[in-house]
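The values are calculated or read from the model by the stated rules, or taken from the named source; none is laboratory data. Everything numeric in this text was worked out from a predicted model, so none of it was measured. Note that each Cβ is placed from the backbone with ideal geometry, even for glycine, and that neighbours are counted across all protein chains shown. Please note that ligands, DNA and RNA were not included when accessible areas were found on the heavy atoms of the full protein model with its side chains. Shrake-Rupley method; radii C 1.70, N 1.55, O 1.52, S 1.80 Å.
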Amino acid sequence: MPQSNTPYPFTFTNPTGVQSTNGTTQTIPLTIPNVRGTIPSLQTSRLRTMMLEARRDPAKILAFPCSYDGLSSRLIEEAGFPMLFLSGFAVSSSYGLPDTGYIAMEEMCQKVQETVRVTSLPIMVDGDTGYGSPMNVRRTVEAFAAAGAAGVMIEDQTWLKRCGHTKGKSVVSRGEAYARIQAACDARNEGRDIFILARTDALILGWEEAMTRAKEFKRLGADAVFVEALPDRESMQRCVEELDMPMLANIIEGGKTENLSAKELAQLGFAAVAYPWTLVAARLKSVRDALEGLKQSMVEGTAPPMILGYSEVCEGVGFNRYWDQETRYEYDQNGLINP
């Protein structure tokens, strides 16, 4: 795996996983911390443990860019980040679409499975509104957990929903919002364990409405709360103090929330911070730049510019790992060459 030049600045406890037994049947004593569901999940345990650790320590925060597919997720892992977040905004962009309710449960489940196959990090997944009634919310949470997600975010916007930093969004009633989070927590408590991140966009109705909803989400059993579009440092500090639980910050470069550093957010008491626009913006710029360079070479009659070397591309998309694994299964007419 390529080494990142910049180390990840926050260190977290990694609960013990199951080591390979090379196919030998064994009984393995295993302690899985911070479990809430009937069926434990090692990845959910990792995610919840890191969130709680960050909540207790103002010198730590789970800071991560949001990904949109297997390759972007694998690059995030290679860079040393401790978790993944498949956000609706980023995944929508991978389909060439805005985050306005075009994609739903099936597409997100496919992205979870795609990502689980090529990474080893716990994955949080954007479940938007849950795609229907509270019973749909429950099914969405169960489906994401079965697909391999360690966490899911459920929000109180109306459907069709909108990116929280863009115009045109609205929220459902308190009752419907509470029913969604109750359904999500029931799915966790009665089935596969999964981290429940409850989001409210109710700041559009005023501070008290947003706090009322967030406090009820906490009472219903959400693992963490995300109050979307907090405008500045003062409102962030006030929100953390009022809710007193693990909280996610959302930083969109040029968006509605003040662009504080990860260290500043940790000191304010946030357990996590997501950067959903960063890789989408990087992809838009890098692809446009590459296309412009290719056209320029055609106009000038020169060879196309070298963006990455051949070996770097082979490594980046996984050829080298494939070739290493492939030798394990070489055979001739008599059997395996490398048993």
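Tell me whether the stretch 238-247 contains one or more residues that are among the acidic types (Asp, Glu), under 20 Å from the mean Cα position of the chain (by Cα) and at pLDDT 95 or above.
No, every residue in the stretch 238-247 fails to be among the acidic types (Asp, Glu), under 20 Å from the mean Cα position of the chain (by Cα) and at pLDDT 95 or above.
Considering each residue of the stretch 204-242, count those that are over 30 Å from residue 279 (Cα atoms) and among the aliphatic types (A, V, I, L, M), and give that number.
Total meeting the criteria: 3.
Test residue 12 against the criterion of being at negative phi, in contact (Cβ under 8 Å) with a residue 60 or more places away in the chain and in the same structural domain as residue 249 (by the TED database), and give yes or no.
no
When the residues of the stretch 164-173 are narrowed to those that are open to solvent by less than 40 Å² (accessible area, probe 1.4 Å) and assigned to a loop (DSSP other than H, G, I, E, B), which ends up modelled with the lowest pLDDT?
Once the filter is applied, the top-ranked residue is 164.
Out of the stretch 38-47, which residues are open to solvent by less than 10 Å² (accessible area, probe 1.4 Å) and either in contact with an Asp or Glu (Cβ under 8 Å, 6 or more places away or on another chain) or among the acidic types (Asp, Glu) (or both)?
Of everything in the stretch 38-47, those that are open to solvent by less than 10 Å² (accessible area, probe 1.4 Å) and either in contact with an Asp or Glu (Cβ under 8 Å, 6 or more places away or on another chain) or among the acidic types (Asp, Glu) (or both) turn out to be 44, 45.
In the stretch 192-219, which residues are assigned to a helix (DSSP H, G or I) and open to solvent by less than 10 Å² (accessible area, probe 1.4 Å)?
Within the stretch 192-219, 202, 210, 211, 213, 214, 217 meet the criteria.
Please tell me if residue 222 is in a loop (DSSP other than H, G, I, E, B), closer than 17 Å to residue 177 by Cβ, of a type outside the set (Asp, Glu) and in the same structural domain as residue 167 (by the TED database).
Yes: the conditions hold for residue 222.
Residue 184 is checked against (1) in contact with an Asp or Glu (Cβ under 8 Å, 6 or more places away or on another chain); (2) small (Gly, Ala, Ser); (3) within 16 Å of residue 226 (Cα to Cα) and fails just one. What number does that condition carry?
It is condition (1) that residue 184 fails.
Hey, can you tell me all the residues within the stretch 223-235 that are open to solvent by less than 10 Å² (accessible area, probe 1.4 Å) and under 18 Å from residue 56 (Cβ atoms)?
224, 225
Test residue 25 against the criterion of being at pLDDT below 95, assigned to a loop (DSSP other than H, G, I, E, B) and not assigned by the TED database to the domain that holds residue 130, and give yes or no.
Yes.
Yes/no per residue for (1) without any contact (Cβ under 8 Å) to a residue 60 or more places away in the chain; (2) among the charged types (D, E, K, R); (3) over 30 Å from residue 200 (Cβ atoms); (4) touching a Cys at 6+ places or on another chain (Cβ under 9 Å):
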site: 249; (1), (2), (3), (4): yes, no, no, no
site: 258; (1), (2), (3), (4): yes, yes, no, no
site: 262; (1), (2), (3), (4): no, no, no, no
site: 274; (1), (2), (3), (4): no, no, no, yes
site: 281; (1), (2), (3), (4): yes, no, no, no
site: 290; (1), (2), (3), (4): yes, no, yes, no
site: 293; (1), (2), (3), (4): yes, no, yes, no
site: 301; (1), (2), (3), (4): yes, no, yes, no
site: 313; (1), (2), (3), (4): yes, no, yes, no
